[in-house]
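Worksheet for the structure shown next.
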Amino acid sequence: MTRAVVVHQTGGPEALSVEDWPLASPGPGQVAIRQTAVGLNFIDTYQRSGLYPMQTPFVAGSEGAGVVTALGEGVTSLKLGDRVAYQGQIGAYADERLVVADRVVPIPDGVSDQTAAAIMLKGLTAFYLLFKTWPLAKDETILWHAAAGGVGQIATQWAKSLGATVIGTAGSDEKCDLAKAQGCDHVINYSTQDFAARVRELTGGRGVDVVYDGVGKSTFEKSLDCLRPRGLMVSFGNASGVVSIPDVTVLSRKGSLYVTRPTTAHYFQTRDELLEGAGKLFAAVTSGAIKVDVARTFPLAEAANAHRALEARETTGSVVLLP
Ligand SMILES: NC(=O)c1ccc[n+]([C@@H]2O[C@H](COP(=O)([O-])OP(=O)(O)OC[C@H]3O[C@@H](n4cnc5c(N)ncnc54)[C@H](OP(=O)(O)O)[C@@H]3O)[C@@H](O)[C@H]2O)c1
């Protein structure tokens with residue numbers, strides 16, 4: 001058995017129950033990990049609330065880091081004692097767990113377990129959004145919503161290091177200051193300012209090449225007004241609620257725009273894709289291009305409070321749960 005944070009019935013943060021959970025020996029192609037750090041992500045709240053359907057009961061979370069403690073049959077790429085990290089494998093909120101060996105990566109020297117747990121999902125998301133969804137060029141200008149958040153801080157620093165001009169939004173002046181300190185060229189408090197009007201001003205009326213929007217319902221429509229003709233709207237999350245486009249002609253009216261709604265699962269389907277992304281991410285961290293801000297930690301048993309803080313917009317940067 002291991003201690004885990006389990007959802008039996010989807011709902012609010014109180015649906016997260018700390019209890020003993022069965023832990024089997026690793027099967028073929030699996031390894032057991034003693035976890036040292038677990039990443040908190042907004043998707044954990046969608047799964048807990050039922051927005052993203054899950055089969056219950058399930059152990060929450062999908063990102064973490066730790067030490068390999070047992071190898072299943074056929075695993076040759078890892079050895080006992082290796083420090084590893086992963087994303088996209090449900091069951092992370094636990095002291096110990098099994099993972100598919102092909103879906104974990106070694107943590108390089110110089111990167112702490114907490115940092116690795118903080119960046120596997122958020123940083124790989126930043127990677128595919130900036131390098132694959134739209135290979136960002138240095139003369140381009142982007143708008144990144146929730147720039148002081150987990151994905152936002154990593155992605156805006158990375159975009160800056162690629163030479164792009166970065167406009168970031170955030171919901172308070174304090175968060176705007178943080179986003180500016182992290183390297184955004186311009187920041188907009190979208191709680192108090194009309195961000196579309198401000199983006200037009202900042203771009204001399206042209207609009208940005210790409211909008212990256214993980215906020216969703218409350219920002220989607222106005223974000224279309226921030227784009228240049230034939231620009232790209234990347235709607236990659238729904239922190240404020242799910243987006244729907246009732247009338248697709250809005251895209252022609254607003255400039256023959258492109259829209260995509262991507263997710264990590266489709267960008268990291270093979271081990272090679274995972275290794276390419278993780279390699280670039282760890283290199284960006286060790287070179288200093290991305291400084292990872294583990295702004296807050298919670299004991300694993302306080303996962304419900306961590307969810308409350310994330311959903312109440314109280315957090316900045318990455319939050320890590322400590323088993
Ligand atoms: N598609 C993918 O592959 C993928 C992968 C990872 C993450 N994501 C998405 O990326 C987004 C960011 O994830 P994250 O884990 O790094 O979270 P986060 O950015 O640390 O937290 C979400 C932020 O959204 C902003 N927000 C605006 N309206 C909100 C509302 N009504 N309720 C809650 N937050 C609101 C808040 O910042 P302000 O206070 O500054 O507004 C909040 O801090 C999420 O939508 C997540 O689902 C998508």
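The values are calculated or read from the model by the stated rules, or taken from the named source; none is laboratory data. For clarity, every value in this text was computed on a predicted model and none was experimentally measured. Every residue, glycine as well, gets a Cβ built from its backbone with ideal geometry; the counts of neighbours run over all protein chains shown.
Table for the structure above
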quantity: Selection count, the range 102-144, where residues are among the aromatic types (Phe, Trp, Tyr), more than 12 Å from the chain's Cα centre (by Cα) and within 13 Å of the ligand (Cβ to nearest atom); calculated: 1
quantity: Single unsatisfied condition, Phe131 versus (1) under 28 Å from Lys79 (Cα atoms); (2) modelled with pLDDT of 95 or more; calculated: (1)
quantity: Odd one out for Ala278, checked against (1) in a helix (DSSP H, G or I); (2) more than 19 Å from Gln35 (Cβ to Cβ); (3) within 16 Å of the ligand (Cβ to nearest atom); calculated: (2)
quantity: Flag for Arg308 being exposed (fewer than 13 other Cβ atoms within 10 Å of the Cβ) and modelled with pLDDT of 95 or more; calculated: no
quantity: Which listed residue is assigned by TED's automatic domain parsing to the domain that holds Val67, in contact with a Pro (Cβ under 9 Å, 6 or more places away or on another chain), under 26 Å from Cys184 (Cα atoms) and hydroxyl-bearing (Ser, Thr, Tyr), from Thr286, Thr315; calculated: Thr286
quantity: Criterion: small (Gly, Ala, Ser) and within 12 Å of the ligand (Cβ to nearest atom) - qualifying residue of Ala159, Ala164, Ala147; calculated: Ala147
quantity: Residue ID - farthest from the chain's Cα centre (by Cα), chosen from residues in the range 227-245 that are surrounded by fewer than 16 Cβ atoms within 10 Å (Cβ to Cβ) and of a type in the set (A, V, I, L, M); calculated: Ile245
quantity: Within the range 286-303, tally of residues that are away from the ligand (no atom under 16 Å from the Cβ) and either in a helix (DSSP H, G or I) or buried (at least 21 other Cβ atoms within 10 Å of the Cβ) (or both); calculated: 4
quantity: Scan of the range 194-226 for residues that are of a type outside the set (D, E, K, R) and exposed (fewer than 14 other Cβ atoms within 10 Å of the Cβ), ordered by number; calculated: Ala197, Gly204, Gly205
quantity: Condition met for Ala126 (within 16 Å of Val320 (Cβ to Cβ) and outside any strand (DSSP E or B)); calculated: no
quantity: One residue from Ser235, Ser244, Ser218, Ser223 being touching a His at 6+ places or on another chain (Cβ under 8 Å) and either free of Cβ contacts under 8 Å to residues at least 40 places away in the same chain or in the same structural domain as Trp158 (by TED's automatic domain parsing) (or both); calculated: Ser223
